[in-house]
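Written below as structure tokens is the structure these notes are about.
What follows is calculated from the coordinates using simple rules that are stated; it is not laboratory data. All values derive from a computational prediction rather than experimental measurement. Note that we place each Cβ from the backbone using ideal geometry, even for glycine, and neighbour counts take in every protein chain shown.
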């Protein structure tokens, strides 16, 4: 039996989600409905749910502040929220799940299925990465959670040399020679790494500008990276790349 607790300051939202779980996710047993973050703290510590459905926007103490007060996060998290671009980016940075209100039953089923799989291979660092992303300047966050076919892998951002598109997957080449296949598109990875000295130099390639050794001019040209691989630069992105390389912001 997989157990869950629902936290939302709107009683109707709590009850509606509980009904949806009963109807669409019969393997989930709801332990408690909490209408405040304060009551949720007590309930979580006493009842120890497997999955926590957590509203972000709550008065007095929001969902992120609740997480900071917990001594241990040993459950799977599914956030529920209205659209908040910054919060959602932070959630994705930790490879966590979220549901947009009003919640769609199909989205709920998918989120629950993924959470149940993650219970087999827990990654407690996800929440740490999320809170760092929210509370610290972007460059202070050193790790990113990368979803792979096998599960989640925590990677130092500075260790990534290149990210290359492979259909709906992205191949990350690391300094130690390892290649990680992320189950995310290159566009998704590009959005997550925005502000970390990465540049999209080709429709198939995103590079760590700190790992560029040389730019060789041609129609578009190519980059020689620190791992001695050559990365093509498209003509349409050539000017942008040269400006970034000459900006002394590397």
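So here's what we get for this one:
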quantity	calculated
Contour minus Cα-Cα distance for residue 72 and residue 217 (0.36 nm per residue)	46.9 nm
Using a Förster distance of 35 Å, the FRET efficiency for residue 210-residue 62 (Cβ separation, nearest 0.05)	0.50
Scaled radius of gyration (Cα, divided by 2.2 N^0.38 Å) that segment 147-246 gives	1.02
Percent of beta bridges antiparallel (DSSP, the chain, rounded to nearest 5)	60
Sorted by Cβ density within 10 Å, fewest first, the residues 217, 114	217, 114
Helix 37-47 vs. the chain, principal-axis angle (Cα, 0 to 90°, nearest 10)	80
Volume in Å³ per residue [convex hull over Cα atoms, computed for the chain]	132
Burial order of peptide ranges 206-212, 171-177 (average beta-carbon count within 10 Å, highest first)	206-212, 171-177
Over the chain: helical MRE at 222 nm, DSSP H runs n ≥ 4 each giving -39500 (n - 2.57), nearest 500	-10000 deg cm²/dmol
